[in-house]
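This report refers to the structure that appears directly beneath it.
Every number here is computed from the coordinates shown, using simple stated rules; none is lab data. In this text the structure is predicted, and so the values were computed from the model without any measurement. Virtual Cβ from ideal backbone geometry, glycine too; neighbours counted across all protein chains shown.
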Amino acid sequence: MSDAGRSNLLIHEKSPYLLQHAHNPVDWQPWGDDAFRLAKERGVPVLISIGYATCHWCHVMERESFEDPELAKILNANFVAIKVDREERPDVDGVYMKAIQALGQQGGWPLNVFTTPEGVPFYGGTYFPPVKKFNRPSFSDVLKFLTKTWINEQEKVAKQGQVLITHIQNSSRDEVLSGPLDELSFEGEDKAVELYERHYDSLNYGFTFQPQNKFPPSMGLSLLLRHYNRTGSTVDLKMVEDTLRAMKNGGIYDQIGGGLSRYSTDYKWLVPHFEKMLYDNSLFALALIETFQVTQNQDYVDYANDLFQYIDRDMTSAEGAFFSAEDADSEGVEGKFYVWTQEEIETLLGRQTAGVAMPYYNVLPEGNFEGKTILNVTRSQKELAKELSLPESLVQEEITKAREMLLAVRSKRIRPLLDDKILTSWNGLMITAMARAGRVFGDSDRIVKAQKSLEFILKELRTPEGKLLRRYREGEARFDGYLCDYASLAVACLELYEAVYDPRYIQWAKELMDRVEEKFASEKGAYYETASDGEELIIRQISGYDGVEPAGNSAAAMAFIKLSVYLGSIDYLEKAEKIFCAFHEDLSEYGLNSSYMLQALHLYLGGIKEVVFIGKKDDSATEEILAQIRTGFFPNAIFAFAYADEVEKQDIPLLAGKTLIEDKPTLYVCQRGACLSPIHSIEELLLQLNYEDA
C-alpha cells in the first residue's frame with residue numbers, strides 16, 4: 001500500500017494520474033530538466049513511466065509494483081524514475097511509444113521505457129508483472145538485469161540507444177511519403193471502404209481489426225456515410241447503422257447512465273473496458289448525428305441526446321468545459337460501479353417493473369460478467385412487448401421507470417475516479433459534436449453549451465499573445481498546446497459558425513490556424529506535432545495517423561479548406577493541399593489509418609461547393625430552406641448565411657456582393673471561382689451539389 005504520510009515530488013502536480021502516484025514509495029519525479037540532471041549527477045539510467053488516470057493496467061502495475069517497498073528500494077537505488085501523464089504530454093508519449101514499437105512490441109499503457117540520462121531509450125515494455133507470467137519477465141528481474149547491464153555494458157547500452165534513435169528518426173521521416181496532388185482521387189476512399197467491408201463482422205457488427213477487442217470505429221463510420229452519399233452504396237449505410245445500434249445496445253454503452261466505454265473486450269460489444277473517454281463519446285455523437293442527417297431516423301437523435309445527457313450530468317465543469325474521462329475501476333475493482341445482480345434488480349424495482357426490465361436488459365441469475373450482469377439490449381421494446389403480451393406503451397413506461405430508479409440507486413455507489421482535467425483538443429471535439437447537434441436537431445440549448453466550453457478555452461487556455469495551452473485543472477493552465485489542440489479548436493469554431501452564423505468564429509479559427517502556420521509548419525508541407533518554440537525532444541514528429549482522435553494534420557486540413565472558402569483565400573487551400581500531398585500514400589493506399597483526413601479529402605475532391613444563402617427576416621420560405629440546410633447531409637459543401645440587410649456587417653468575403661434576387665430568398669453555389677445561376681429552392685440546390693467525380 002502507498003504510505004499516505006509519505007509523498008514524492010508528484011504531490012505538487014495537478015494531473016490526477018501523477019497525484020495517484022504521489023504517495024508511492026518510489027521517488028517519482030515529474031518530467032523535466034531537473035529529473036534528467038539528477039540522473040546525470042548520479043550516473044544512473046532513467047525509467048520513464050507513462051500512463052493516464054483512467055488506465056486499468058496502470059492501476060494494476062501501481063498496486064503490484066510501485067506500491068511495493070522492496071521493489072521501490074531497487075528502483076530508487078539504481079534509477080531516476082519519472083512519471084508522465086500521456087494526456088498532458090502526448091509529445092513525450094508519442095516519442096517513446098515509437099521506441100517501444102521499434103523494439104518489436106505492440107505498445108500500450110502503462111508504457112515503461114528505460115533511457116540514458118540524455119533521454120535516449122534503450123529498453124522498455126508496457127505492463128511488467130510482479131512475478132514472471134504472461135510470457136513477460138517480472139519487473140524486479142527487469143530492474144536487476146538493466147542495473148547490471150548499465151554498470152557492466154555501457155557500450156552495449158549506447159549502441160542500442162543509437163540504433164533506436166536512428167530507427168525512430170527514419171520511421172518519423174517515413175510518415176511523410178509525398179506524392180502529386182493530381183494523383184489523389186476518390187480511389188483512395190474506395191480502397192479504404194473495401195478494407196472496412198473486408199473486416200466487417202456481419203454477425204456482431206463493427207470491424208475485426210483487433211484479435212479480440214473492438215474499438216468504437218466512429219471516424220470510419222463517418223467516412224462510410226460520405227462514401228454512401230457519393231456512391232449510393234447501401235452496403236455502407238447498413239454497416240454504419242448496424243454498428244451504431246450494436247454499440248448503443250451493447251454493454252460497451254452504459255444502459256443506465258449513458259456514455260460509451262473505451263472498447264469492448266469481445267466481438268459482441270458486451271464486456272467493455274469500462275473507462276469512458278471524452279473523445280470517444282464526442283466522435284460517437286458525431287457519427288450518430290450524421291447518420292440522422294442521412295436517414296432522418298429519430299432513433300439517432302434519441303441516442304445522441306442520451307449521450308449528451310451523460311456529458312451534461314457527469315462530464316461538465318461548473319464553468320461549462322468538459323472533463324477528460326472516468327475510470328474503469330471503483331473500489332479497486334474494474335466495472336464494479338456498473339454491474340448488477342438479479343436479486344438487486346428484483347428488490348429495487350419490484351415485481352412488475354423488474355418483470356419488464358430484466359428481460360429487456362438480459363439480466364439472468366448467473367450473470368454475464370463474473371457472476372453479475374452488464375446490462376445490454378438484444379431486442380426492441382416493441383419486440384419485448386409482443387413477447388410479454390403487454391402494450392408497447394406500458395413496456396416503454398416500465399423501462400423508463402426502471403432506468404430512473406437504477407440510476408438513482410447507482411449514484412449512491414462509490415463512483416469511479418473522474419479525471420477532471422480539461423484538455424483543449426478533446427474539448428474541441430465535444431464542442432464540434434454539440435454545435436452540430438444544436439444545428440441539426442434545432443436545439444439552441446446544446447449550442448449554448450458548446451459556446452460556453454469554447455469561451456472557457458479561449459479565456460483560460462489561451463495567452464494574451466494567442467498561444468494555446470493544453471491542460472487546465474484547479475485554476476492552473478499548463479503545457480504548450482500541440483497541433484491537435486489548435487486544429488481541433490479551429491474546426492470547433494467553424495462548426496459553431498455554421499450553428500449560429502456569427503463571423504467571430506471564423507476570425508477565431510483564422511487566428512488559430514495562422515499560429516499553426518507560424519509555429520508548426522515544416523518543409524514537407526505537413527505540420528509538426530509540436531511548436532517550434534516548444535520543448536525540444538529527441539525527435540520532432542509529424543503524423544497523419546487518425547487514432548483515438550483526428551490527427552492534428554487531419555483537422556488542420558479540414559480547417560484550412562473551410563477557411564479558404566469563407567475568406568476567399570487560395571493560400572489556405574494550398575496549405576490543405578500540401579497536407580494531402582504529404583500523406584499521399586496513406587490517402588491512396590491504406591486509408592483505415594486516415595479516416596478523418598479522408599473526410600477532409602472527400603470535401604476537397606467533391607468540389608468544395610461554396611453555398612451562400614441570403615434570406616429575409618420573418619419569412620417562412622427563408623426559414624424552411626434554412627431548416628433543410630441545417631439538417632441535411634452535405635459533406636462536399638460549405639455554407640454561409642446572412643439576412644439581406646446584414647451581409648455587409650458580416651464582413652465575410654464569401655458573402656460579399658450577395659443579395660436577394662427578385663426579392664426572394666436566394667442560394668448561390670460557387671466552386672473554385674465559378675458560380676452557377678442563383679436559385680431559390682432546396683430542390684435546385686440538391687441538383688447543384690453533385691460530385692465532380694462520383
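Let me see the P(r) profile for the chain: every Cα-Cα distance counted, bins of 20 Å, each bin given as a percent of all pairs.
Spelled out per bin, shortest first, that is 17, 49, 29, 4, 0.
Cα gyration tensor of region 119-195, axes a ≥ b ≥ c as square roots of the eigenvalues: rounded (a/c below 1.5), prolate (a/b > b/c) or oblate?
Oblate is the answer for region 119-195, as a/c is 1.5 or above yet b/c matches or exceeds a/b.
What percent antiparallel are the DSSP beta bridges of the chain, to the nearest 5?
For the chain, the DSSP antiparallel bridge percentage is about 75.
Length gain on complete extension for the stretch Ser380 to Thr400, per 0.36 nm per residue less the alpha carbon to alpha carbon distance?
That works out to 5.8 nm of additional length.
Tabulate in residue order the Karplus-calculated ³J(HN,Hα) for region 214-219, using 6.51 cos²θ - 1.76 cosθ + 1.60 with θ = phi - 60°, rounded to whole Hz; enter x for Gly and Pro.
10, 9, x, x, 4, 5
Would region 9-174 count as rounded, prolate or oblate if I go by the C-alpha gyration tensor, calling it rounded below 1.5 in a/c and otherwise prolate when a/b exceeds b/c, oblate otherwise?
Judged from the Cα gyration tensor, region 9-174 comes out rounded (a/c under 1.5).
Just the ratio, please: alpha-carbon radius of gyration of region 644-694 over 2.2 N^0.38 Å, N its number of residues.
1.26
Could I have the simple spin-label model distance between Asp190 and Glu523, label points 7 Å from Cα toward Cβ, reported in nm to one decimal?
3.7 nm
So for the chain, averaging the separation of alpha carbon pairs under 8 Å that are six or more residues apart and normalising by length, what relative contact order in percent results?
Worked out over the chain, it gives 11 percent.
Taking the Cα centre of each part, how many Å lie between region 125-190 and region 385-408?
If you average the Cα positions of each part, the centres end up 53 Å apart.
Per the helix-only calculation at 222 nm, which mean residue ellipticity applies to the chain, given -39500 (n - 2.57) for every DSSP H run of n ≥ 4 and division by its residues, nearest 500 deg cm²/dmol?
The helix contribution divided over the chain gives -15500 deg cm²/dmol.
Could you list Phe441, Phe560 so that the one with the fewest beta carbons within 10 Å of its beta carbon is first and the one with the most is last?
Phe441, Phe560
Which ordering of Ile100, Ile629 is given by a fewest-first count of other beta-carbon atoms within 10 Å?
In increasing order of surrounding Cβ atoms, one gets Ile629, Ile100.
Could you go through region 319-336 in sequence order and give the Karplus-derived ³J(HN,Hα) for each residue, using 6.51 cos²θ - 1.76 cosθ + 1.60 with θ = phi - 60°, rounded to whole Hz, and x for Gly and Pro?
7, x, 7, 10, 6, 8, 6, 10, 5, 7, 9, 9, 6, x, 10, 5, x, 4
Restricting to bridges with both residues inside region 576-694, how much of the DSSP beta-bridge set is antiparallel, in percent to the nearest 5?
In region 576-694, DSSP labels about 55 percent of beta bridges as antiparallel.
Quick check on region 557-694: what are the equivalent-ellipsoid semi-axes from the Cα gyration tensor, as sqrt(5λ), descending, whole Å?
Over the Cα atoms of region 557-694, the semi-axes work out to 30, 16, 12 Å.
Using amide H atoms built in the peptide plane, which far-off residues or other-chain residues are under 5 Å from Tyr263 H to H?
Those lying under 5 Å, H to H, from Tyr263 are His273.
Would you work out the relative contact order for region 296-391, in percent, from Cα pairs under 8 angstrom that are 6 or more residues apart?
RCO, region 296-391: 18 percent.
Roughly how far apart, in whole Å, are the Cα centres of region 51-69 and region 484-532?
Each part reduced to its Cα centre gives a spacing of 37 Å.
Using alpha carbon centroids, what distance separates region 594-659 and region 543-586, in Å?
Result: 20 Å between the Cα centres.
For region 609-688, I need the span (max minus min coordinate) of the C-alpha atoms along each principal axis, in Å, sorted largest to smallest.
Per principal axis, max minus min of the Cα coordinates gives 28, 26, 21 Å.
I need to check one value: relative contact order of region 325-469, counting alpha carbon pairs closer than 8 Å and at least 6 residues apart, in percent.
It rounds to 23 percent for region 325-469.
Hey, got a sec? Which chymotrypsin sites (Phe, Trp or Tyr not before Pro) in region 84-175 land in a DSSP loop and have at most 12 other Cβ atoms within 10 Å?
Answer in residue order: Phe134.
Taking neighbour counts of Cβ atoms within 10 Å as a proxy for exposure, in what order, fewest first, do Asp254, Asp34 appear?
Fewest-to-most ranking of Asp254, Asp34: Asp34, Asp254.
By how many nm would the segment from Glu392 to Val333 lengthen if fully extended, with 0.36 nm per residue of separation less the alpha-carbon distance?
17.5 nm
With r defined as the distance between the Cβ atoms of Glu646 and Asp533 and R0 fixed at 45 Å, what FRET efficiency is calculated, to the nearest 0.05?
After rounding to 0.05, the efficiency reads 0.65.
Using the scaling law 2.2 N^0.38 Å as the reference, what is the normalised Cα Rg of region 265-387?
For region 265-387, the normalised Cα radius of gyration is 1.21.
What lysines could a cross-link reach from Lys649, if we take a straight Cα to Cα line under 27 Å and drop same-chain neighbours fewer than 8 places away?
Lys449, Lys452, Lys459, Lys510, Lys562, Lys609, Lys616, Lys617, Lys658, Lys664
Would you grab the residues whose amide H sits under 5 Å from the one on Phe641? Only those 5+ places off in sequence or on another chain, please, with H modelled 1.01 Å from N.
Phe613
Considering only DSSP states other than H, G, I, E and B, which trypsin sites (Lys or Arg not before Pro) in region 372-443 qualify as loop sites with at most 10 other Cβ atoms within 10 Å?
For trypsin sites (Lys or Arg not before Pro) across region 372-443 that sit outside H, G, I, E and B with at most 10 neighbouring Cβ atoms in 10 Å, the list reads Lys412.
By its C-alpha gyration tensor, with a ≥ b ≥ c as the square roots of the eigenvalues, how is region 391-494 shaped: rounded for a/c under 1.5, else prolate for a/b larger than b/c, else oblate?
The shape class here is oblate.
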